[in-house]
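Scroll down for the structure; my scribbles are underneath it.
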Amino acid sequence: WRDGERMDETQLRRLVALAPEQMRSLLATEGFYSPRVEASLEQNGGAWSVRLEVDPGPPARVGQVDLRVVGPFDDGSADSRARLLKLRTDWSLAGGAVFRHEDWERAKRAALRSLLLDRHPAAAIRDSRATVDPKAHSVALALTLDSGPAFTFGPLQIEGLQRYPASIVERLNPIRPGEPYVQAKLLELQARLQDSPYFASVGVQAEIDPAHPEDTPIKVSVEENRARTLGLGIGMSTDTGPRAQMDYRDLNLLGQAWRLTGSLKLADKEQSLTGELQLPLTSQGDRDSITAQMNRSNVEGEVTRTLILGARRSFLRGRNETAWSLRYYLEQQEVAGAVGDHRSALVPSWSWTRRNVDNLLFPSRGYLFNIQADAAAQALLSDQGFLRGYTKATWFHPLGERGRLILRGEMGAVAADGRAGIPADFLFRSGGDQTVRGYAYQSLGVHEG
């Protein structure tokens with residue numbers, strides 16, 4: 001009201017008289033229940049002066065805490081006693097802490113949330129009291145939670161499927177009927193469905209009915225993506241020059257939810273035709289795929305033609321991804337001034353990746369780490385036996401509001417009797433904007449011809 005046009009002496013005196021009580025109420029929310037507040041009003045030369053003196057006094061601290069849970073939760077079992085002990089251990093407003101109203105409300109919500117998220121989604125606060133003793137500067141807290149019945153999961157109820165079979169959702173479902181209700185399981189199911197390419201949006205919720213806590217139905221609502229897409233593009237790279245690209249995707253091949261993807265890339269230095277068939281995610285979270293690829297490259301006077309046939313299984317566990325693969329390579333290489341070389345190799349491979357970043361698409365903080373191992377033996381359809389190890393790490397750190405510092409390092413080695421007979425994909429050449437900048441693409445390596 002200080003600059004209000006309607007302010008006059010009567011209004012000013014009324015506000016000054018109200019100020020001490022308002023301050024006491026505000027201080028009480030911060031734990032000060034015995035404050036001394038004085039307000040005075042003076043006029044000097046036609047100007048009013050308001051003086052407020054506040055002595056908050058000692059804060060009230062939490063004394064006794066009585067946390068109880070009633071209802072089916074308290075069945076006298078060892079499990080319920082352990083869960084009640086954990087509730088009391090996790091209680092955030094412990095004895096001796098300054099009693100703040102905001103902390104009190106936060107502690108009550110956290111205690112209730114622990115029941116809502118684990119087996120008791122119908123839980124509620126039955127009674128809560130904070131009894132203040134201004135003279136002793138202490139507060140006695142009492143909270144009683146009503147757990148409501150313990151819920152168990154029931155069957156899926158799927159809505160929105162038109163193009164794809166229900167087995168896609170069922171295979172991604174980590175919940176088994178009869179399991180205790182845990183909200184984290186619902187979130188995991190939603191994340192799995194959202195991460196799959198079949199759906200544009202996904203909603204997952206349990207139909208909570210305290211009268212029927214057993215076999216609670218899980219309602220899944222999905223909006224499907226198009227089954228078939230065709231993409232065309234052009235681009236430019238300082239490594240491989242101008243390029244044109246065509247991509248095709250079918251998410252429901254033969255009506256089995258098999259994913260067929262194909263890609264044709266035509267660049268100045270490299271050309272490739274790739275086809276991949278991915279099977280639906282298994283109930284254990286495994287991803288299986290079969291790949292066929294034809295490549296041709298003409299880099300630094302070396303012309304390489306490659307045919308690759310392979311199968312791969314990968315699985316994701318949190319931030320870690322592990323992959324096993326088996327690939328067969330047929331390669332023909334010609335180098336100006338040297339004898340041409342024909343190579344073949346059957347290569348089992350292993351890869352492990354750790355992604356600990358703030359954003360998978362546009363990371364600004366964190367790190368990526370990848371390690372790979374490959375092997376081949378002359379006794380198993382390979383012209384040359386070899387062992388190959390490779391690792392790569394990338395570290396991100398924000399600089400200011402829009403900048404990023406990116407540090408990247410690679411290390412690899414091949415153990416073999418000689419270079420002959422090993423496909424080029426398993427050897428190392430460097431140069432280009434993703435490796436040693438300032439040198440032409442893959443211009444650094446062993447001289448031939």
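Quick check: is even one residue across segment 156-175 charged (D, E, K, R) and either under 30 Å from residue 93 (Cβ atoms) or open to solvent by less than 70 Å² (accessible area, probe 1.4 Å) (or both)? Looking for residues that are charged (D, E, K, R) and either under 30 Å from residue 93 (Cβ atoms) or open to solvent by less than 70 Å² (accessible area, probe 1.4 Å) (or both), one finds none in segment 156-175, hence no. The C-beta contact set for segment 319-344 (first residue over 16 Å from residue 421 (Cβ atoms) and of a type in the set (Phe, Trp, Tyr), second residue modelled with pLDDT of 90 or more and assigned to a strand (DSSP E or B), distance under 6 angstrom, 6+ apart or interchain) comprises 324/313; 324/350.
Only strands (runs of 3 or more DSSP E) wholly contained in segment 348-449 count here; list those with 2 or more residues that are of a type in the set (Gly, Ala, Ser) and touching a Pro at 6+ places or on another chain (Cβ under 9 Å). Per the criteria, 366-376. In summary, strands (runs of 3 or more DSSP E) completely within segment 38-148 and bearing 3 or more residues that are surrounded by 16 or more Cβ atoms within 10 Å (Cβ to Cβ) and in contact with a Lys or Arg (Cβ under 8 Å, 6 or more places away or on another chain) occur at 138-146.
Of the numbered criteria (1) of a type in the set (A, V, I, L, M); (2) touching a strand residue (DSSP E or B) at 6+ places or on another chain (Cβ under 8 Å); (3) free of Cβ contacts under 8 Å to residues at least 60 places away in the same chain, the one residue 257 fails is (3).
Inspection of segment 297-313 finds no residue satisfying the criterion of being part of a loop (DSSP other than H, G, I, E, B), over 20 Å from residue 240 (Cα atoms) and not hydroxyl-bearing (Ser, Thr, Tyr).
Go through segment 240-285 and give me each residue that's open to solvent by less than 50 Å² (accessible area, probe 1.4 Å), hydroxyl-bearing (Ser, Thr, Tyr) and assigned to a strand (DSSP E or B). Answer for segment 240-285, where residues must be open to solvent by less than 50 Å² (accessible area, probe 1.4 Å), hydroxyl-bearing (Ser, Thr, Tyr) and assigned to a strand (DSSP E or B): 261, 263, 272, 274. Counting only residues that are buried (at least 17 other Cβ atoms within 10 Å of the Cβ) and either farther than 17 Å from residue 425 by Cβ or under 37 Å from the mean Cα position of the chain (by Cα) (or both), segment 381-393 holds 2 of them.
The values are calculated or read from the model by the stated rules, or taken from the named source; none is laboratory data. These numbers come from a predicted model, not from an experiment. Positions of Cβ are backbone-derived with ideal geometry, glycine not excepted, and every protein chain shown enters the neighbour counts. Ligands, DNA and RNA are stripped out before the accessible areas are found, and what is left, the full protein with its side chains, is counted by its heavy atoms. Shrake-Rupley method; radii C 1.70, N 1.55, O 1.52, S 1.80 Å.
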